[in-house]
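Down below is the structure, laid out as structure tokens.
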Amino acid sequence: MDETAVIDAVPKQLFVGGSWTDATGGATFDVHDPANGSVLCSVADATPEDGMAAMQAAVKSQPAMAALTPRERADVLTKAFQLLHERIDDLALLMTLEMGKPLAEARGEISYAAEFFRHFAAEAVRIDGGYQTAPAGNQRFLITKQPVGPCILITPWNFPMAMGTRKLGPAIAAGCASVIKPAPQTPLSMLALVDILTEAGLPEGGVNVITCTDANGVIEPMIRSGLARKLSFTGSTKVGKILLEQCAEKVLRTSMELGGNAPFIVFEDADLDEAVAGLMVAKMRNMGEACTAANRIYVHESIIDEFGRRIADTMSGLTVGRGTQEGVNVGPLIDQAAVDKVTRLVDDAVSKGASVITGGSTIDGDGYFFSPTVLTGVAKDAALNAEEIFGPVAPLTPFREEDEVITMANSTRYGLVGYVFTNDLRRAIRVSESLEFGMVGLNSGLVSNPYAPFGGVKESGLGREGGSIGIDEFLETKYIGITVS
Ligand code: NAP
């Protein structure tokens, strides 16, 4: 399909109780192409009443979702996995149009997103339990797992499809009904995804979608109503903390995938080719707009000049442009606010003594473009050491000692992921164990995999998504004490 056709094919309404409906009062909001600022289409702008209607629909559907046999849940996810692959070209184009990432990356995300469904289809039929004899011998303990109940799922704009399947996959596999709210910048991928899940046979109300511009106004009453038993959120630490407070009132189960501030450490014994390639993935995937993006790059002082030259050469060779164009490696940032933030962080670093080796500025034109940038000599108190850059900027800082770099790497309130490049086995284990992060990429610039437990410590979040434990986030453990004598 061409651009107009893929946009036209997506439903633009709310999906509540198995029906597409307009928002109360008929309000809509515009979705933009970040490559040129043009309006792609308008989608329904839900009111708080619409949010509660979606919540009620999930509650109503919960018994039917829980009653699906594990095989039936697996079949829905498997069918949706197949449909995602069959439609990958159109879905990738849709994602590129609303989010900006180059088509090849969008295809990669659809494939990654679909893999969560394949993984959780397999997990649905493996939910286990236990059987124990009480120490006194008079009882048996039957340990069983049940769906946690209706869920609220909230996703960000940077991975518009994968952040959805990472939650919907385990929710469906566990037998939970849900209301999902995508980010207003990128609602189309989620609307298309829910259309696919419906086609795959999900029961009415099993997934409901709310698109809106007043996230707090719509979501807070849903949380405070107590109708949901679980909130799974991916987004900023700031919003995550607000939601945790709201969830406290009715003691909702929570999963929080929040912000990151990843250190990327290159030791003097590392394979430099591998480290350069690793940094390009860890830094430039998704234009740097990833929670896993390398944010602080620490390079041993003996190799930093060589490493800096190689990174700058590679970065300056990247083609920036609209993600739909052939040969483009780097798309636009999501909006003007993102460009303003990256500009502020680069300007601040430069004002504190950093040098720009390549890039360093916005690109003239209609879209939200920022040039791939390498900075050296970044001062410790530069704001980009403390904040997520969320853009294509690589700040390099030298270090001398192993202890010194571990201290610098851990000096953040975040704890999502760290990257280490070294060929010394003992050092690799020592440093990986010393890093206060939920995940470590060891000689690897990529750690996101549906088959591994993804998540952070400290202010990067609570819980894990993916892996064999990902489904547990959507299950309650119950023990039945059976008296036998
Ligand atoms: P955000 O501002 O926190 O928004 C995330 C989602 O939450 C959006 O759908 C947003 O809708 C919604 N939201 C905002 N305020 C809300 C409220 N009071 N109640 C309910 N929902 C609310 O984050 P973002 O800027 O879109 O996304 C980037 C952030 O996500 C970064 O910090 C990144 O590190 C993090 N992230 C983390 C992971 C991970 O797995 N750890 C993965 C991807 C991204 P509105 O836009 O309408 O406010």
The number of residues in the stretch 182-211 that are touching a Pro at 6+ places or on another chain (Cβ under 7 Å) and assigned to a loop (DSSP other than H, G, I, E, B) is 4
Can you pull out the residues in the stretch 436-479 that are outside the structural domain of S236 (by TED's automatic domain parsing), away from the ligand (no atom under 16 Å from the Cβ) and of a type in the set (A, V, I, L, M)? L442
How many of the residues in the stretch 406-435 are within 15 Å of the ligand (Cβ to nearest atom) and more than 18 Å from the chain's Cα centre (by Cα)? 2
Residue ID - farthest from the ligand (Cβ to nearest atom), chosen from residues in the stretch 230-246 that are touching a Lys or Arg at 6+ places or on another chain (Cβ under 8 Å) and more than 30 Å from I297 (Cβ to Cβ): K230
Would you be able to say whether some residue in the stretch 294-302 is under 25 Å from F370 (Cα atoms), at pLDDT 95 or above, in the same structural domain as I357 (by TED's automatic domain parsing) and among the small types (G, A, S)? yes
For the stretch 198-249, which positions are of a type outside the set (A, V, I, L, M, F, W, C), in contact with a Ser or Thr (Cβ under 8 Å, 6 or more places away or on another chain) and closer than 24 Å to G456 by Cα? K230, S232, T234, G235, T237
Going residue by residue through the stretch 305-318, is there one that turns out to be in a helix (DSSP H, G or I), surrounded by fewer than 16 Cβ atoms within 10 Å (Cβ to Cβ), in contact with a strand residue (DSSP E or B) (Cβ under 6 Å, 6 or more places away or on another chain) and touching a residue at least 12 places away in the same chain (Cβ under 8 Å)? yes
Would it be correct to say that S225 is touching a residue at least 12 places away in the same chain (Cβ under 8 Å), more than 9 Å from the ligand (Cβ to nearest atom) and buried (at least 22 other Cβ atoms within 10 Å of the Cβ)? no
Options V179, V194; residue that is within 23 Å of Q82 (Cβ to Cβ) and assigned by TED's automatic domain parsing to the domain that holds A124: V194
Filter the stretch 76-101 for residues that are in contact with a Gly (Cβ under 7 Å, 6 or more places away or on another chain) and not small (G, A, S); the one that is most open to solvent (accessible area, probe 1.4 Å) is K79
On the basis of being open to solvent by less than 50 Å² (accessible area, probe 1.4 Å) and either away from the ligand (no atom under 15 Å from the Cβ) or assigned to a helix (DSSP H, G or I) (or both), does V179 make the cut? no
Hey, any hits in the stretch 343-364 for a residue that's closer than 24 Å to V31 by Cβ and in contact (Cβ under 8 Å) with a residue 60 or more places away in the chain? no
When you go through I480, I471 one by one, which is the residue that is over 22 Å from V276 (Cβ atoms), of a type in the set (A, V, I, L, M) and either open to solvent by less than 50 Å² (accessible area, probe 1.4 Å) or not in a strand (DSSP E or B) (or both)? I471
Scope the stretch 379-421; condition open to solvent by less than 10 Å² (accessible area, probe 1.4 Å) and in a loop (DSSP other than H, G, I, E, B); matching residues: A382, I389, G391, P392, G415, L416
Flag if D8 is of a type in the set (D, E, K, R) and either closer than 20 Å to I152 by Cβ or outside the structural domain of R224 (by TED's automatic domain parsing) (or both): no
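The values are calculated or read from the model by the stated rules, or taken from the named source; none is laboratory data. On a predicted model such as this, the values are computed, not experimentally measured, just so you know. When we count neighbours, we look across all protein chains shown, and the Cβ atoms used for this are built from the backbone with ideal geometry, even at glycine. For accessibility, only protein heavy atoms count, side chains too; no ligands or nucleic acids. Shrake-Rupley method; radii C 1.70, N 1.55, O 1.52, S 1.80 Å.
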